[in-house]
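A short worksheet on the structure shown next.
The values are calculated or read from the model by the stated rules, or taken from the named source; none is laboratory data. Since the model is a prediction, treat every value here as computed from it, not as a measurement. As a convention, Cβ positions derive from the backbone with ideal geometry for all residues, glycine included, and neighbour counts pool all protein chains shown. We work out accessible area using only protein heavy atoms, side chains counted, and drop any ligands, DNA or RNA first. Shrake-Rupley method; radii C 1.70, N 1.55, O 1.52, S 1.80 Å.
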Amino acid sequence: MPDLPSSAKSVVNVSEMADLCQLSRSRFYDLIEASVFPKPVLHPSSKRPMYDRDMQEKCLEIRETGIGANGLPVLFNRKPKKGSLLLPRRKVGEKPDHADLLDALKGLGLTTTAQVVNEAVAALYPNGLAGIDQGDVVRKLFLHLQAKKK
């Protein structure tokens with residue numbers, strides 16, 4: 001789970017949370033309504049919507065993993081800053097290790113094997129995964145493998 005910097009605020013409003021997630025406020029509200037992000041709590045005295053530290057961490061985890069609070073994969077409009085959530089590059093000749101993808105798929109309730117994941121990655125990404133957002137990869141794999149089951 002992503003850690004907030006020690007200088008992070010104890011509570012933030014919805015606009016600040018959208019900025020932290022690198023999304024527009026409008027898109028962030030759409031994703032709240034779709035149950036991708038948790039709904040903010042209301043401040044006791046001002047009744048303004050806000051996110052406490054735990055909720056901020058949850059929102060940032062959702063943004064990083066691409067798996068919403070509702071358990072479904074989600075695509076985001078803005079890409080994260082360069083290099084922050086991208087899959088690491090492999091050395092030439094190194095065999096792919098998709099254990100992280102397999103774990104993410106299992107976390108979504110999909111029972112599969114490393115061989116099936118390797119074959120799906122090869123089919124969906126013939127040029128490899130270098131520089132591709134891991135959340136996008138997990139979403140595509142999940143949908144691809146679900147479609148194969150039917």
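Table for the structure above
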item: Residue that is least open to solvent (accessible area, probe 1.4 Å) [pool: residues in region 104-140 that are touching a strand residue (DSSP E or B) at 6+ places or on another chain (Cβ under 9 Å), of a type in the set (A, V, I, L, M, F, W, C) and in a helix (DSSP H, G or I)]; result: VAL138
item: Residue match in region 15-23 (condition: farther than 30 Å from HIS144 by Cα, modelled with pLDDT under 90, part of a loop (DSSP other than H, G, I, E, B) and not aliphatic (A, V, I, L, M)); result: no
item: Matching entry among LEU42, LEU86, LEU4 (being open to solvent by 30 Å² or more (accessible area, probe 1.4 Å) and either within 21 Å of PHE142 (Cβ to Cβ) or modelled with pLDDT under 90 (or both)); result: LEU86
item: Positions within region 29-39 being in a loop (DSSP other than H, G, I, E, B) and loosely packed, with under 15 Cβ neighbours inside 10 Å, in sequence order; result: ALA34, SER35, LYS39
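One line per residue, one yes/no per condition, for (1) over 26 Å from LYS106 (Cα atoms); (2) hydrophobic (A, V, I, L, M, F, W, C); (3) part of a strand (DSSP E or B); (4) open to solvent by less than 60 Å² (accessible area, probe 1.4 Å):
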{"position": "GLN56", "(1), (2), (3), (4)": "no, no, no, yes"}
{"position": "ARG63", "(1), (2), (3), (4)": "no, no, no, yes"}
{"position": "ASN70", "(1), (2), (3), (4)": "no, no, no, no"}
{"position": "LEU75", "(1), (2), (3), (4)": "no, yes, no, no"}
